[in-house]
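Below is one structure; the comments refer to it alone.
The values are calculated or read from the model by the stated rules, or taken from the named source; none is laboratory data. Here the structure is a predicted model, which is why all the values come from computation and not from measurement. Cβ: placed from backbone, ideal geometry, glycine included. Neighbour counts: every protein chain shown. Protein only, heavy atoms only, side chains kept; ligands, DNA and RNA dropped before computing areas. Shrake-Rupley method; radii C 1.70, N 1.55, O 1.52, S 1.80 Å.
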Amino acid sequence: MYQIIADEADFVLIDKFPNVHFHSQDGSAGVMAQLEQDLGIKLYSVHRLDTLTSGLLLFAKSSAIAATFTAMFTEHQVQKYYLALASGKPKKKQGAVIGDMAKARRSMYKLLRSTENPAVTQFFSQSIASGTRLYLLKPLSGKTHQLRVALASLGVPILGDTLYGGETADRGYLHAYAIHFTLGGKQFVYCAAPTHGELFVTEAVAGQLQEWRDPDTLSWPKRK
């Protein structure tokens, strides 16, 4: 269900496995409830991952630290980076996807042309196999399904994300790859490559991640 990456005085950071619910459902413990049970402490959520998404997930150990993290997320003081795999040729290979988001049918969201309160996603991509590209995504906002909608809007829905038209796969190929923040005057930098999914654990992906091992240092496309 998860692997603990860091257990600090103020927070716990885990690598959530794919297809694991955040909240408890149908009598089964979600990842937060299971982690609380395993550690024997109360935890406070500060952000979430969709069920299909694997990767780095942060929990605060007190309400005060949770409030601090919430403010940091709101003020864009927490940098998050994601990986995704998709088939096909995108409308552009790098840049930004910007637009308001609205609810659509079947629990889906859609990207609008307006930009009153937009979702903003910067991204790079690299071909790692014939017809398949690896995407490094940097969300500058925290909208529901933001990254899934962003790639679908580029004509390349995430592999395994059938809700948004992605091809059927052994998992949804979206992974929370890295997170950077400063808390109490100390800088924390974490990076965790995906370990689940036959297409994520290839030499081609591993080779590209060597170039993307420190996403903060990359020359990110300008927001236009």
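Listing for the model above:
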item: Most to least accessible of Leu112, Leu58, Leu52 (protein chains only, probe 1.4 Å); result: Leu112, Leu52, Leu58
item: Using alpha carbons only: equivalent-ellipsoid semi-axes of the chain, gyration tensor based, whole Å; result: 27, 20, 19
item: FRET efficiency estimate (nearest 0.05) - Cβ-Cβ, Glu203 to Lys103, R0 35 angstrom; result: 0.30
item: Difference of contour (0.36 nm per residue) and Cα-Cα distance, Ser28 to Asp170; result: 48.9 nm
item: Beta bridges by DSSP in the chain, antiparallel share as percent, to the nearest 5; result: 95
item: Listed residue pairs exceeding 22 Å between alpha carbons, taken from Lys16/Lys80; Lys89/Lys138; Lys103/Lys143; Lys93/Lys222; Lys16/Lys92; result: Lys16/Lys92
item: Label zone at Gln94, where the point sits 7 Å out along the Cα-to-Cβ direction: the range 123-138 residues whose backbone N lies under 13 Å; result: 123-127, 135-138
item: Charge context of Thr53, other residues only, Cβ under 11 angstrom, K/R +1, D/E -1; result: +2
item: Max mean-square fluctuation residue, GNM over the chain, Cα-Cα springs under 10 Å, options Thr70, Thr202, Thr121; result: Thr202
item: FRET efficiency, 1/(1 + (r/R0)^6) with R0 25 Å, evaluated for Asp214 and Gln77 via beta carbons; result: 0.85
item: Listed residues Ala206, Ala152, Ala86, most fluctuating in the chain (Gaussian network, C-alpha, under 10 Å); result: Ala206
item: Local net charge near Cys191, Cβ-Cβ under 14 Å (Lys/Arg +1, Asp/Glu -1); result: -1
item: Global geometry of the range 46-143, whether rounded, prolate or oblate, following the gyration tensor of its Cα atoms and the 1.5 cut on a/c; result: prolate
item: Cα gyration tensor shape of the range 110-203, rounded if a/c is under 1.5, else prolate or oblate by comparing a/b with b/c; result: oblate
item: Most mobile of Ser28, Ser153, Ser62 in a GNM of the chain (Cα contacts under 10 Å); result: Ser28
item: Alpha-carbon centroid distance for the pair the range 171-224 / the range 55-87, whole angstrom; result: 14
